[in-house]
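Here is the structure we will look at, set down as structure tokens.
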Amino acid sequence: MNNSIDSEKTVEIIEKMKLAKIGKYKKWETMIKKIKNKQTLNPEELEYYSNITRIYKNSNITSRSKVYHTKLSELDKKPPCKECGEDSLYYCNMNDEYFCTIHVVGHDENEF
């Protein structure tokens with residue numbers, strides 16, 4: 001698995017998603033197995049993970065504003081990811097930072 005992913009935190013988040021019955025159970029199981037076996041997640045799995053885990057714990061926020069991560073278009077400027085310096089693919093409007101697919105999830109304590 002890619003060293004830049006926090007394996008323990010990623011598995012913890014996926015387990016919470018499974019318990020909450022968010023997403024596809026079999027897909028989560030496959031991803032957990034790969035992570036625990038130190039295998040690399042494919043781009044589709046990373047995208048699935050980062051698209052579904054845009055959900056935050058704060059229930060006072062209206063559903064309209066729950067999408068904090070905006071996927072950058074092909075035409076958007078791609079500043080470096082705040083965590084690793086690679087090209088970013090997402091903008092987080094909660095902290096005005098840019099992140100790659102790997103680091104977009106888990107950078108905020110309100111994220112579950």
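The values are calculated or read from the model by the stated rules, or taken from the named source; none is laboratory data. Just so it is clear, the model here is predicted, and its values are computed rather than measured. Note that each Cβ is placed from the backbone with ideal geometry, even for glycine, and that neighbours are counted across all protein chains shown. For accessibility, only protein heavy atoms count, side chains too; no ligands or nucleic acids. Shrake-Rupley method; radii C 1.70, N 1.55, O 1.52, S 1.80 Å.
Here are a few things to note about the model shown:
- Inside the stretch 60-77, residues that are modelled with pLDDT under 80 and exposed (fewer than 10 other Cβ atoms within 10 Å of the Cβ) make up a count of 4.
- Contact map, the stretch 75-96: residues that are more than 21 Å from Y49 (Cα to Cα) paired with residues that are open to solvent by less than 100 Å² (accessible area, probe 1.4 Å) and part of a loop (DSSP other than H, G, I, E, B), Cβ distance under 8 Å, separation 6+ or inter-chain. Pairs shown: P79/S88.
- Residues of the stretch 2-22 that turn out to be more than 13 Å from the chain's Cα centre (by Cα) and either among the basic types (K, R) or more than 24 Å from K82 (Cβ to Cβ) (or both), as a count: 7
- Counting only helices (runs of 4 or more DSSP H) that sit wholly inside the stretch 1-53, those with at least 3 residues that are modelled with pLDDT of 80 or more and of a type in the set (A, V, I, L, M) are 7-19, 25-36.
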